[in-house]
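Engineer: Right, I'll just put the structure down here and ask away after.
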Amino acid sequence: MGELVFLKSTRIQLRALTAKDLTEEYLQWLNDDEVCRHNSHAIFPNTEQKMKDYFDRLDSQREVVLAIIDSETDKHIGNISLQNITGYPGMQSLPFYWGIKDIGARAMVKRLLN
């Protein structure tokens, strides 16, 4: 049985990042200034152990990291993440706030899938 796909289009699929994604190529991405220009991964050199430690520390209650998979080749081509999640619908949050967040998340995913 394959991994559970979160979202799917004709070009890409989004699924949870898994231990099998922790490849030498992924480690190279983490050390590439251009690839990581919008995050902090490449500020300090990464090693295989640091990569595994990062994966082990992922907190599914506060962040979601999804692997971007090329639908045609089934190749892991990148990641997308939502971080610093502080609540969920139904918790002590303003419904209006969650409505805005949902619209933003949907717009981001729609842009990625198109």
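Engineer: Go through (1) in contact with a His (Cβ under 9 Å, 6 or more places away or on another chain); (2) over 14 Å from Gly78 (Cα atoms); (3) loosely packed, with under 13 Cβ neighbours inside 10 Å for Tyr54 and report which single condition fails.
Structural biologist: Among (1) in contact with a His (Cβ under 9 Å, 6 or more places away or on another chain); (2) over 14 Å from Gly78 (Cα atoms); (3) loosely packed, with under 13 Cβ neighbours inside 10 Å, the lone unmet condition for Tyr54 is (3).
Engineer: Could you run through segment 32-51 and say how many residues are surrounded by fewer than 16 Cβ atoms within 10 Å (Cβ to Cβ) and in a loop (DSSP other than H, G, I, E, B)? Reasoning before the result, please.
Structural biologist: Quick first cut of segment 32-51, residues surrounded by fewer than 16 Cβ atoms within 10 Å (Cβ to Cβ) only: 32-40, 43-45, 47-50.
From what is left, the residues that are in a loop (DSSP other than H, G, I, E, B) are 32-40, 43-45, 47.
Count: 13.
Engineer: Still on this model: For Phe6, indicate whether it is touching a residue at least 40 places away in the same chain (Cβ under 8 Å) and loosely packed, with under 15 Cβ neighbours inside 10 Å.
Structural biologist: yes
Engineer: Within segment 87-105, is there a residue that is among the hydrophobic types (A, V, I, L, M, F, W, C), within 21 Å of Glu3 (Cα to Cα) and at pLDDT below 85? Steps first, answer last, please.
Structural biologist: Residues of segment 87-105 among the hydrophobic types (A, V, I, L, M, F, W, C): 91, 94, 96, 98, 100, 103, 105.
Those still in the list that are within 21 Å of Glu3 (Cα to Cα) too: none.
No, segment 87-105 has no match at all.
The values are calculated or read from the model by the stated rules, or taken from the named source; none is laboratory data. All values derive from a computational prediction rather than experimental measurement. With ideal geometry, Cβ positions are generated from the backbone for all residues, glycine too; neighbour counts draw on all protein chains shown.
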